[in-house]
Amino acid sequence: MANYKEIVTKAVIGKTKKSTKDELTIETDEVVDTVLGCWVINNTFSGHNNRGKVNIDGSYDVNVWYSFENNTKTNVLVRNFTYQDVVNVKLQNDSNLTNTSEILVRSLAAPSVTNVSVDGSKIKLNVEKEIGVEVIGDTKVRIAVEDDFEDYDVELDPEDPIISETEIEVEEDYLNSVNQ
């Protein structure tokens, strides 16, 4: 007859993902004619527990390459933007987000510029990103434990075909005969 034991271990107790769209404005010193390129780099972020919700603090650099003075000159601007996202993670089995819970944040879709428009010396752009959050916490696993070990005391029958096929005859003088 089996009885049960509980093992306490760490496991993913909740996960979710969140997509965001930021509308940003960058002011330039010149009247912009054309945006020639725009990209996002150096995305960094971390997550922490804030009253049962996951707060994500992050930042990224936006690089904008543009032309001015009737498309005769170019310039590249680099601006750093910070962001804060609040994510509600549904936890399994009525678990709670505590200070001992580990929060893993991953970038599922790196921030990228999806739309750019120019209004004089202002460049307006949209940046989209997607982040994934996993919460790791203590959980219990219940397993059956066998008390009856009588089946391990069974004698093996040497006439059994499976056992006789696995037997190998060992020639004790094999190495001496090979080296001669």
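Each reported figure results from applying straightforward, stated rules to the coordinates on display, with no laboratory input. Fair warning: this is a prediction, and the values are worked out from it, not measured in the lab. We place every Cβ from the backbone using ideal geometry, glycine too, and count neighbours over all the protein chains shown.
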Taking K and R as +1 and D and E as -1, what net charge do the other residues with C-beta under 12 Å from the C-beta of residue 67 add up to?
-2
From the P(r) of the range 1-78, can you give the percent of Cα pairs sitting at distances over 17 Å?
67 percent
Counting other beta carbons within 10 Å of each Cβ, put 104, 97 in order, fewest first.
104, 97
The range 2-144, relative contact order in percent, only Cα pairs under 8 angstrom and at least six apart counted
39 percent
Assigned charges on the beta-carbon of Lys, Arg, Asp, Glu; the range 2-144 dipole about Cα centre (debye)
940 debye
Which whole-Hz couplings ³J(HN,Hα) result when phi for each residue of the range 133-145 is put into the Karplus expression 6.51 cos²θ - 1.76 cosθ + 1.60, θ = phi - 60°, listed in order with x for Gly and Pro?
10, 10, 10, 10, x, 6, 9, 10, 10, 9, 10, 8, 10
Alpha carbon convex hull of the range 2-144, volume per residue in cubic angstrom
103 Å³
Among 128, 102, which comes first, second and so on when ranked by fewest other beta-carbon atoms within 10 Å?
102, 128
